[in-house]
Amino acid sequence: MEESKIKEIMERNNIVDVIGGYFPLKKSGNSYKACCPFHDEKTASFVVNEKKQIFKCFGCGKGGTVITFVRDYEKISFIDAAKKLAQRAGIPWTDSPQQKKKRTKRDLIYQVYALTTQFYQENLTTGGDAAMDYLRSRDLSQETVEKFQLGYAMDSFGGLKNFLLKNSINDKIFELTGLFGFNQRGSYDLFRHRLMFPIHDYTGRVVAFSGRVLDADQRGGKYVNSPTTEIYTKGKELYGLFATRYEMGRKGFALISEGNLDFLRLYECGFVNSVASLGTAFTDSQITLLRRYTSNFTFIYDGDKAGRKAAVRAAISSLRLGCNVRIVELPADEDPDSFLKKNGSQALQGLIDDAKTLAAFLKKDSSLGLSDRAKIEQLVEAAGSMSDMLQRDLFLRTISEEFRIPEKTLRSRMKPVKATVEVGAQAPASSYEPERELLKILLSNNCLVKNVADQIDSSYFLKRRYKDIYEVLLENEEAPDRIAGLLNAEELNDTTQLIIELMMEHVAKAETLDDQVREMQIRKYLHELDAVNKGIAAGEPHPELYEKKKEILHTLRGWGVKIVRKTLY
C-alpha cells in the first residue's frame, strides 16, 4: 500500500473517534483513557493520544496507530483494517488488476463454501437422521451444533454439485474448491454420508471441512479433510479459534486439544478459551497464529501414549517459538470429551490448575518408556532451540530443579549457541537517558533529524534498541511520513513498539536538543579516552595512542569538561 494512502487514511480517521466507537474513552489531561481491550485489568492503563494519533497500553505494552488498533481489535489483516477505515472516511479504495483477479477468485471460493455450509446444515435437519443420532449420542446441544454450523453430507454423488449449480455457481470453479472429485464423466461430491465439521478461519469464514464417517463399514478414513485450496492450507488453521480468540486474552492462556469433538465438549462445558489443532501435529503456523492472542499455552491431549507423545512434541515446538507451556495430565484411558462426561467441569478445572511444566510432565511420565537420561537430553535439546536467552535460562533452571542436575552440567550438554550482546549492556541505566531524551525530541520534531545527523551518527548510541530507532530516523529523514507507515506495518516489531512508547512520553523542549547531543558527544569521547588509557596502561608501545589521547583531551577541554577520572564508568 502506498505511503500517501496510509497518511490520508490516518489523517481522516481521528483515533479518538474510531476507538471511541468501540468502547467509551474518558478524557484525562491531554489524553484519553480506558481499560485495555486486549487484556483483563481493573485500573485503566490504555491511553489514546489525540495529538500524536497513537495509542498505548502501559499494562500489556500493546500500542500503535488507528490502523493497527482496528487490525488488532477486530483480528483482521492490515489491508482489511486500512480498507475499512478508508470506507469510513469516504476514501476511494481501488485494488490493482492483479489483486482484483485474485480477490475475485478467492471471493468466489468463499461464496462456494458459504453455500456448501448452508447446504450441509439443511441436510442435517431434513435428512440427516444418522448424523443427528450420532450427535445425540455425544450429548452435544443444539445450540453448539448451530453455533459451529455442523451439517450432513448426503450419500449422493451429485447433491452438492446440483445445489451449487442451482445457486448460479459455474462448475468451472469446482476444481479449485477441494469439494469435488473428478473422473471421465466429470465432477462428483467428495464428501458423502458424513457428519460435517466446518473449519473456520479466525474471522469466522468457512474455509474447509472435516467429514466423519457414520457407519462402521463405511469406505475411506474415519475423517476426511479438505485438501489445500486458495483459501485453506492444512496446518495453518485452528478449530474454533473464531469463537474463542477474545476469551484467550481475558483468561490469559489458550487451552489446546487435538480433535473437533474434544473442542466442542470443552466449549460447551464453559472452557471458552479453547482451540483444537485439527488432529495434526501442532505446526509453527498454528503457534504463530495463536500467539496473536496469547503466548501461554496449556495442552490437553489424550491421556494415552500417543496423546502424551503428541503433547510433548507440541510443547517443544511452542517453547522454541517463545511461548510458555503447560500440559494437563489426563488418565491413560481418557480424552477431554470422555473425562468431562464422566467427571464434569469442576474436576477438569482442577487438572488444568495443576497442569505441569514440560520438565515436570516428563519427569513424572512413565508411559513413554524414556529413561531419565533420555528425558534430560530431550529437554536440553529443546532448551538449545530457544532463541530467547532469558527463557532458556529459566527453562534450564526448571530442568535442574526437577531432575536435581546442576545447571552447569546441563549447559555442558548444550550445543554452543552464538550469543548477541547489546551495545553498552554494562552501562548503568542513567547512561542511556541522553539517548532516550534525544529520540523523544526527534520523534516529535522530525525536521530536526538532519541537523542532528550532521553532528552524530548511530555509533554514539550505547543502547542497541535506541541505536536502531536512530537509524530508522536517519533512513527516513527525507520522508518523515514514512514513520507513520512503519507504525502501521503488518507486525509491529520491538523497535516500532519502542517508538510508540517514546512518542507517548512527555517530551522536553526542543531547545534542549543541543544539550542532549553534546552530552552524547562527551560521553563517546570519554569512552574513547578510557580505551586509550587502558592501552597505555597495558604497555603497548604505540605513539599514536598518546597522540590520540592528546586530541581527545583537547576536544573535551574545549567543551569545558574537566577530566577527573580515567574511565567512563
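Provide a single number: the residues in segment 138-174 that are more than 23 Å from residue 239 (Cα to Cα) and hydroxyl-bearing (Ser, Thr, Tyr).
2
Quick one: which helices (runs of 4 or more DSSP H) lie wholly within segment 1-75 and hold at least 1 residues that are within 22 Å of the chain's Cα centre (by Cα)?
Because the criterion is at least 1 residues that are within 22 Å of the chain's Cα centre (by Cα), the helices (runs of 4 or more DSSP H) in segment 1-75 that meet it are 15-20, 66-74.
Considering only residues of segment 68-79 that are more than 17 Å from residue 4 (Cα to Cα) and not small (Gly, Ala, Ser), which is surrounded by the fewest Cβ atoms within 10 Å (Cβ to Cβ)?
Only one residue fits best here, namely 74.
Check off (1) surrounded by 13 or more Cβ atoms within 10 Å (Cβ to Cβ); (2) free of Cβ contacts under 8 Å to residues at least 60 places away in the same chain for residue 336 and give me the number that stays unchecked.
Only one criterion is unmet by residue 336, namely (2).
Within segment 367-377, track down each residue that is touching a residue at least 24 places away in the same chain (Cβ under 8 Å) and assigned to a helix (DSSP H, G or I).
372, 375, 376, 377
With respect to residue 232, determine if the residue is surrounded by 22 or more Cβ atoms within 10 Å (Cβ to Cβ), of a type in the set (Ser, Thr, Tyr) and in contact (Cβ under 8 Å) with a residue 40 or more places away in the chain. Show your work before the answer.
Working: surrounded by 22 or more Cβ atoms within 10 Å (Cβ to Cβ): no; of a type in the set (Ser, Thr, Tyr): yes; in contact (Cβ under 8 Å) with a residue 40 or more places away in the chain: yes.
Against the criterion (surrounded by 22 or more Cβ atoms within 10 Å (Cβ to Cβ), of a type in the set (Ser, Thr, Tyr) and in contact (Cβ under 8 Å) with a residue 40 or more places away in the chain), residue 232 does not qualify.
Checking the structure you have, find out if any residue of segment 361-375 is modelled with pLDDT under 90, among the basic types (Lys, Arg) and not assigned by TED's automatic domain parsing to the domain that holds residue 530.
No.
What is the one condition in (1) under 23 Å from residue 265 (Cα atoms); (2) in the same structural domain as residue 114 (by TED's automatic domain parsing); (3) among the basic types (Lys, Arg) that residue 172 does not satisfy?
Checking residue 172 against (1) under 23 Å from residue 265 (Cα atoms); (2) in the same structural domain as residue 114 (by TED's automatic domain parsing); (3) among the basic types (Lys, Arg), the one that fails is (1).
Conditions tested, residue by residue: (1) under 14 Å from residue 202 (Cβ atoms); (2) hydroxyl-bearing (Ser, Thr, Tyr); (3) at pLDDT below 90; (4) within 15 Å of the chain's Cα centre (by Cα).
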residue: 236; (1), (2), (3), (4): yes, no, yes, yes
residue: 240; (1), (2), (3), (4): yes, no, no, no
residue: 249; (1), (2), (3), (4): yes, no, yes, yes
residue: 256; (1), (2), (3), (4): no, no, no, no
residue: 262; (1), (2), (3), (4): no, no, no, no
residue: 267; (1), (2), (3), (4): no, yes, no, no
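Residues 311, 355, 276, 360: which one is over 25 Å from residue 147 (Cα atoms), touching a Ser or Thr at 6+ places or on another chain (Cβ under 6 Å) and surrounded by 16 or more Cβ atoms within 10 Å (Cβ to Cβ)?
355
If you take the residues in segment 273-291 that are among the small types (Gly, Ala, Ser) and in a loop (DSSP other than H, G, I, E, B), which one is nearest to the chain's Cα centre (by Cα)?
Checking each candidate, the answer is 277.
Restricting to segment 203-234, name every residue that is touching a helix residue (DSSP H, G or I) at 6+ places or on another chain (Cβ under 7 Å), closer than 20 Å to residue 281 by Cβ and not hydrophobic (A, V, I, L, M, F, W, C).
Within segment 203-234, 210 is the sole residue that qualifies.
When you scan segment 539-554, do you find a residue that is modelled with pLDDT under 75 and closer than 20 Å to residue 440 by Cβ, even just one?
Within segment 539-554, not a single residue is modelled with pLDDT under 75 and closer than 20 Å to residue 440 by Cβ.
Read through the list (1) farther than 20 Å from residue 174 by Cα; (2) small (Gly, Ala, Ser); (3) surrounded by 18 or more Cβ atoms within 10 Å (Cβ to Cβ), then give the number of the only condition that residue 208 fails.
So residue 208 meets the others, but not (1).
The values are calculated or read from the model by the stated rules, or taken from the named source; none is laboratory data. These numbers come from a predicted model, not from an experiment. Reconstructed Cβ throughout: ideal geometry from the backbone, glycine too, with neighbour counts over all protein chains shown.
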